[in-house]
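Asks: Quick one: structure below, then a few questions.
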Amino acid sequence: MAEAIQKKLKAELEKYTQMQKDVSKSMSARQKLETQLTENTIVKEELDMLDTPNTVYKLIGPVLVKQDMEEAKATVAKRLEYINGEIQRYDTLLKEMEKKSEKHREVLASLQQEFQKAQGLAR
């Protein structure tokens with residue numbers, strides 16, 4: 001009986017470990033998005049300070065290409081909208097993962113107790 005519980009415990013522990021890795025990857029991706037959000041917010045603020053006759057350039061590979069001011073502002077606004085949407089998606093994903101992770105912890109705790117009881121009865 002103890003061996004069967006030990007196998008369940010091992011399988012559940014592997015699931016939990018994988019879940020923690022997934023949470024870590026998602027947190028890392030969310031942090032990258034936060035960095036991009038900050039950078040793009042700064043770009044938007046800088047563009048808002050410029051007058052219409054100012055010239056804006058966009059870096060494409062090793063070349064600076066002239067870009068229309070309104071087009072640049074629209075591009076940054078769309079980028080900010082997209083990044084905010086992705087951050088919200090990751091927040092939802094992380095909450096769901098945290099709930100699943102908590103369930104795994106509870107199952108692991110109960111399996112550990114069962115295993116310890118089974119070991120105690122076997123002795």
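Asks: Check whether at least one residue in the stretch 45-52 is part of a helix (DSSP H, G or I), of a type in the set (A, V, I, L, M, F, W, C) and touching a strand residue (DSSP E or B) at 6+ places or on another chain (Cβ under 9 Å), and report yes or no.
Replies: Yes.
Asks: Could I ask something else about it? Restricting attention to the stretch 45-65, does a residue exist that is exposed (fewer than 12 other Cβ atoms within 10 Å of the Cβ), among the β-branched types (Val, Ile, Thr) and under 30 Å from residue 116 (Cβ atoms)?
Replies: Checking the stretch 45-65: not a single residue is exposed (fewer than 12 other Cβ atoms within 10 Å of the Cβ), among the β-branched types (Val, Ile, Thr) and under 30 Å from residue 116 (Cβ atoms).
Asks: Give the residues of the stretch 58-75 that are part of a strand (DSSP E or B) and out of contact with any Lys or Arg (no Cβ under 6 Å at 6 or more places or on another chain), sorted by residue number.
Replies: If the condition is that a residue be part of a strand (DSSP E or B) and out of contact with any Lys or Arg (no Cβ under 6 Å at 6 or more places or on another chain), then 58, 59, 60, 63, 64, 66 are the ones that fit.
Asks: Check 15, 32 and return the single one that is within 30 Å of residue 106 (Cα to Cα), among the basic types (Lys, Arg) and open to solvent by 60 Å² or more (accessible area, probe 1.4 Å).
Replies: 15
Asks: Turning to a different aspect of this structure: Within the stretch 73-96, does at least one residue satisfy the condition of being closer than 30 Å to residue 5 by Cβ and at pLDDT 95 or above?
Replies: Yes, the stretch 73-96 has at least one match.
Asks: Tell me the residue from 78, 100 that is touching a residue at least 24 places away in the same chain (Cβ under 8 Å) and either assigned to a helix (DSSP H, G or I) or surrounded by fewer than 12 Cβ atoms within 10 Å (Cβ to Cβ) (or both), please.
Replies: That would be 100, the only listed residue that is touching a residue at least 24 places away in the same chain (Cβ under 8 Å) and either assigned to a helix (DSSP H, G or I) or surrounded by fewer than 12 Cβ atoms within 10 Å (Cβ to Cβ) (or both).
Asks: In the stretch 103-115, what residues are among the polar types (S, T, N, Q), open to solvent by 60 Å² or more (accessible area, probe 1.4 Å) and either out of contact with any helix residue (DSSP H, G or I) (no Cβ under 9 Å at 6 or more places or on another chain) or outside any helix (DSSP H, G or I) (or both)?
Replies: The one that is among the polar types (S, T, N, Q), open to solvent by 60 Å² or more (accessible area, probe 1.4 Å) and either out of contact with any helix residue (DSSP H, G or I) (no Cβ under 9 Å at 6 or more places or on another chain) or outside any helix (DSSP H, G or I) (or both): 113.
The values are calculated or read from the model by the stated rules, or taken from the named source; none is laboratory data. Note that the structure is predicted; figures quoted are calculated from it, not measured. As a convention, Cβ positions derive from the backbone with ideal geometry for all residues, glycine included, and neighbour counts pool all protein chains shown. Note: accessible area is taken over every heavy atom of the protein model, side chains too, but ligands, DNA and RNA are not part of it. Shrake-Rupley method; radii C 1.70, N 1.55, O 1.52, S 1.80 Å.
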